Structures are given as C-alpha cells and as structure tokens.
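Here's the structure, in structure tokens; my notes come after.
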C-alpha cells in the first residue's frame, strides 16, 4: 500500500495543520531564542551580537511562552490524538510527472526510471549495462536547539544547502565511476541465486568531493518536518519519487516526539513500501521512531515480467554502551525484510537487487562492537568494505566525525575534508577512531583527539576508522559492485561522511 497523504481524510490533515500552527510560536521561541546560550565552536562567545542577544532574549522568551503557552498546550494534545490516525509515511511524486499506464508499462521494453521532466530513459532497452548508484547519508536535521548540541547550527540554512549541493552534482557532474580504475583485482567468492560459486573482482574505491550520478538516495536524521520539506523541495528537482515523514508516533514508540528521520529519494517508480519501528530502544532513542523503511522499485518492464529492486534504509540505536539493543534490531531487520519481500513479490517479478543501508551506529573494528560485527545479518548481506569481523579493507575510512572539530579550517571545504581523510594522521583529528571501548556518548562525541605523535602513530591502523554508515547487498542476488566511495561534498553541513555504491545487475 502506498500512501500519498499523511491522513486518510482531509479533515484530519486540516486539524493537524491547526495543531502545528498552535505549536509553532513556542517551538520557534525554544529553537531560535535559546541559540545564544548554545554556542557552536564556529561562533565567538564574546561577539557583541551574541552578548546583546543574551541580554535581550530572556525577557522575550518569557513573554512569548506566556502569550503562546496555552494555545501550544492545546496544539500538543490535538497533535498527539491525530498521530493515532497518521500514516507511517508519505510518498511525494513530482507534480510534472504522470505515472505510466499499465499498457505503457507492458509495452515492449519500458524502463521505470524517468527524468524529472517525465521523459522515459531508454538505457535498458538499448541493451546497455544495468548500472545503479545508491547513496546513504546522515544529515542531522534536528530542531535547531538539538542541532546546536551536536555543534551544527543554522539547520534551516543547512537543509537547503544540502539539497542544493546534491542537486548541482546531479545536473553538472558526470558519473566519475566510469573513469575510475579499480585497484589490483582480488578473487572473491560470492553466491548467486542458484547458490553456485562465482568469482568477482573487488570494487574500485574513492574519496570523492562530489556526489556521482545517483539513482537512489537514502537519508537519516531528517527529523524536523519543516527542514525536511525544504530539503525535499530541492531533491524533487532530480528525484521524482520521495518517501518522507516516515515513522509511527505514539506513547510507546517515541513518546509522541520525533519520527524516524528516514527519507528515500528515487529516480525509479516506487511500487510498494512499508515501515516498522524497532521494538527495542533506550536512552535518547526512546524519543524517536527509529525503524526500517522498506521499498520496492520498478526498474524496467517487458511484456512478460517486471524487473524490480528492493531498498531498505534504517537508523539503529545510538550509544548503546554495554546493552545489546542493536543486535535485537538487526534480528528484526532480517525478519522484516524477509516478510516484506514475501508479501510484495509477484510471479512476474525478477529481483535485480536487494540493498540495505543506513546509519548502523557501530563499526567493524572497535572492541565494544564485536558482537554486532558477528551478527548473522552479515551472513545474509555483504559488506564490501570489510574483510572479516574486526578487519576492514585498507582503503576504508571512518564516517563518524568528531563534533567538536567540525568547524576547523582544514575541513571547511570538500577538498580540505578529502585531504584530511586521505592522511591517517590528520584524519585522526577529525574522524572518530575505530577503538571505541565503552560506546557511550561521552566517549564517542566528547573525547578529544590525541595530540601525542607517538600515540597517533600507534593508532595508525584504527585512526579515523569508525565507519558506521553502511551500504550492504544481499548475497543471494547476482550483483557486481563496481565502486564504493566516501563523499566529502557535505563538509560543514553534517557530522557524517556520506557513502555511495555503484553496482551492476548480472541478470
């Protein structure tokens, strides 16, 4: 079932807008007028403008909360009641695009991918290689107050700028994957649908300053509804189909607070979708509807069959410490993906790929994460970045940045961040090391990089190697990965390094 509106009837949508209007003045007051008291590292505590705001804003905060407090209470109650009827996601289709009829989809060979202007892409019908590129990125689009805690202020500007940079790359930069030479080929065993052995070549790898041409974009932490809408308006310039506002809101799942933060943008038609929130969470994740977004996309159609792909995106428990929450969530992923495929697959479907991506909040090297790296999910899904549990490929880099260093000059541009990632000594300063022992927020977010040169040299093997953003593919699908890249395009706009994977179908 695909939902293109948040509520089953327009009256409920109107009432929800009413609750948002009642809440907005208080939300704006909390987010904007408290900003001088949560200074990011790029701002000066003694700046005259900030000092003046610290003097002027407190009386304004008291005034606004006094005036708009009672309507806000009404808005909260109404909003909570309406969320009981709210659908788990919304599918937005770019207005200028008109979905093809059944006859059009069955005509000879037609392709699911369309340009933003609605024209069909005839790549597959020409018999060329079926190549796809997927990207995963955590954007930290929280309400301004929470974003500042993560040292990422000006969320309104960031949401627009992120979309702009991604769109510019799609319009003006050719897919660099075609010109990248793979490193020395290494034989590797994989399994096709027949479970017979195949020998494949290791993918190329790169640190890119621009996004390649993307077919699918999977995003995490697009939590704030206003900011995610601004981002979506930009992304719609190149992605006709976007799943947004994903999550289930109730007292048990998220205490009526944040949604899942998941978003998926696609250049191919979305045929089916579903979302499940995780049944296990704790600490700050109790206040968000983290879960698994499951989608089925149409890649091409012939007279006799449809070629389809499955894309799953998720965001797992953060800072679990000694708990085993993530392992339980991985169990649910395996169960839900299997069930979704069984319920959505049709007799005429040919499954071209099955991809799982997102922010897993654990890496393959740190001692604290060893139970997660040995989870049975990695028997089902392949991670091209790792050799075995506890050992990553030499060319991998971490994707979780040190929040306290986000605004330093060295990494203020995509080019500067790329240079930092390529040098293990410099990378240690800006990306969390793969040696996490406790898995707490204090250890991961607040620990400063070591400055002792001898210590940094000893850390060389794990220096800046905390890779928590994944793109995996199911082992029983005939898929060849051509390239895996780390992208620095969003420097200063998020605290994660986006990842991309280009692969081709072997159908």
Can you work out which of the residues in the range 380-405 that are farther than 18 Å from residue 433 by Cα and in contact (Cβ under 8 Å) with a residue 60 or more places away in the chain is farthest from the chain's Cα centre (by Cα)?
380
Do we find a residue being in contact with a strand residue (DSSP E or B) (Cβ under 9 Å, 6 or more places away or on another chain), surrounded by fewer than 21 Cβ atoms within 10 Å (Cβ to Cβ) and touching a residue at least 24 places away in the same chain (Cβ under 8 Å) anywhere in the range 359-377?
yes
Part of a loop (DSSP other than H, G, I, E, B), in the same structural domain as residue 478 (by TED's automatic domain parsing) and surrounded by 19 or more Cβ atoms within 10 Å (Cβ to Cβ) - does that describe any residue in the range 285-299?
yes
Against the condition in contact with a strand residue (DSSP E or B) (Cβ under 8 Å, 6 or more places away or on another chain) and assigned by TED's automatic domain parsing to the domain that holds residue 244, how does residue 321 come out, does it pass?
no
Taking the range 313-358 as the region of interest, how many residues are touching a helix residue (DSSP H, G or I) at 6+ places or on another chain (Cβ under 8 Å), assigned to a strand (DSSP E or B) and surrounded by 24 or more Cβ atoms within 10 Å (Cβ to Cβ)?
2
Considering only the range 496-507, state which residues are buried (at least 22 other Cβ atoms within 10 Å of the Cβ) and assigned to a loop (DSSP other than H, G, I, E, B).
497, 498
So, residue 460, is that one assigned to a helix (DSSP H, G or I) and either outside the structural domain of residue 377 (by TED's automatic domain parsing) or modelled with pLDDT under 95 (or both) or not?
no
In the set 159, 135, 122, 194, the lone residue that is modelled with pLDDT of 95 or more and more than 27 Å from residue 393 (Cα to Cα) is 159
Kindly indicate the residue of the range 428-444 that is in a loop (DSSP other than H, G, I, E, B) and over 18 Å from residue 324 (Cβ atoms) and also farthest from the chain's Cα centre (by Cα) among those meeting that condition.
435
Of everything in the range 269-284, what is farther than 26 Å from residue 349 by Cα and surrounded by fewer than 22 Cβ atoms within 10 Å (Cβ to Cβ)? Give them in sequence order.
279, 280, 282, 283, 284
Residue 288 - would you say it is within 21 Å of residue 247 (Cα to Cα) and touching a residue at least 12 places away in the same chain (Cβ under 8 Å)?
yes
Considering only the range 441-475, how many residues are surrounded by fewer than 21 Cβ atoms within 10 Å (Cβ to Cβ), out of contact with any strand residue (DSSP E or B) (no Cβ under 6 Å at 6 or more places or on another chain) and within 30 Å of residue 504 (Cβ to Cβ)?
0
Would you tally the residues in the range 246-259 being buried (at least 22 other Cβ atoms within 10 Å of the Cβ) and either over 15 Å from the mean Cα position of the chain (by Cα) or closer than 24 Å to residue 167 by Cα (or both)?
5
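Residue-by-condition table, conditions (1) touching a helix residue (DSSP H, G or I) at 6+ places or on another chain (Cβ under 6 Å); (2) more than 20 Å from residue 487 (Cβ to Cβ); (3) outside the structural domain of residue 493 (by TED's automatic domain parsing); (4) surrounded by 17 or more Cβ atoms within 10 Å (Cβ to Cβ):
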position	(1), (2), (3), (4)
415	no, no, no, no
424	no, no, no, yes
436	yes, yes, no, yes
439	yes, yes, no, yes
Scan the range 9-26 and report the pairs whose first residue is farther than 18 Å from residue 73 by Cα and whose second residue is assigned to a helix (DSSP H, G or I) and modelled with pLDDT of 95 or more, with Cβ atoms within less than 7 Å and a gap of 6+ or a chain change.
12/82
Do we have any residue at all in the range 477-489 that's touching a helix residue (DSSP H, G or I) at 6+ places or on another chain (Cβ under 7 Å), closer than 30 Å to residue 159 by Cβ, in the same structural domain as residue 219 (by TED's automatic domain parsing) and in a strand (DSSP E or B)?
yes
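The values are calculated or read from the model by the stated rules, or taken from the named source; none is laboratory data. All values derive from a computational prediction rather than experimental measurement. Note: ideal-geometry Cβ built from the backbone for every residue, glycine included; neighbour counts use all protein chains shown.
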